[in-house]
Amino acid sequence: MSQTTTFGVDGMTCGHCVQHVTTELQAIPGVTDVAIDLVVGGSSQVRVTSDAALPDEAVSAAVDEAGYALTPRRSLL
């Protein structure tokens, strides 16, 4: 059963940025789909679908390799 995780990425400004992050995330074993809603000047929303839960470290490393940063997760109270 597939699982979709959504997170934010700061610093993307164009379609090239989206493609670069998409390529890095698709290289993670188990990833089946990546969809990005680009928000210039803000935190873009990234949805990653995978065969199993993805380790946070793998996602963070892929985004870092692309030259961007995950937005800090916020707890909802």
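The values are calculated or read from the model by the stated rules, or taken from the named source; none is laboratory data. Quick caveat: nothing in here was measured; it's all calculated off a predicted structure. Methodologically, a virtual Cβ is constructed for each residue, glycine included, from the backbone with ideal geometry; neighbour enumeration extends over all protein chains shown. For accessibility, only protein heavy atoms count, side chains too; no ligands or nucleic acids. Shrake-Rupley method; radii C 1.70, N 1.55, O 1.52, S 1.80 Å.
Odds and ends about this structure:
- Among the residues of the stretch 22-33, those identified as closer than 16 Å to residue 68 by Cα and either modelled with pLDDT under 95 or surrounded by 15 or more Cβ atoms within 10 Å (Cβ to Cβ) (or both) are 22, 24, 25.
- For the stretch 1-11, a residue qualifies if it is among the aliphatic types (A, V, I, L, M) and modelled with pLDDT under 95, and exactly one does: 1.
- Residue within the stretch 38-45 that is buried (at least 16 other Cβ atoms within 10 Å of the Cβ) and in contact with a Ser or Thr (Cβ under 6 Å, 6 or more places away or on another chain) present: yes
- Top-ranked residue of the stretch 46-61 - restricted to ones that are more than 17 Å from residue 15 (Cα to Cα) and open to solvent by less than 10 Å² (accessible area, probe 1.4 Å), ranked as nearest to the chain's Cα centre (by Cα): 48
- Top-ranked residue of the stretch 1-12 - restricted to ones that are loosely packed, with under 13 Cβ neighbours inside 10 Å and among the polar types (S, T, N, Q), ranked as nearest to residue 71 (Cα to Cα): 6
- Contact annotation: residue pairs with Cβ atoms under 8 Å, 6 or more positions apart or on different chains, pairing a residue in the stretch 1-14 that is under 13 Å from residue 60 (Cα atoms) with a partner that is of a type in the set (Phe, Trp, Tyr) and open to solvent by less than 80 Å² (accessible area, probe 1.4 Å), are 9/68; 10/68.
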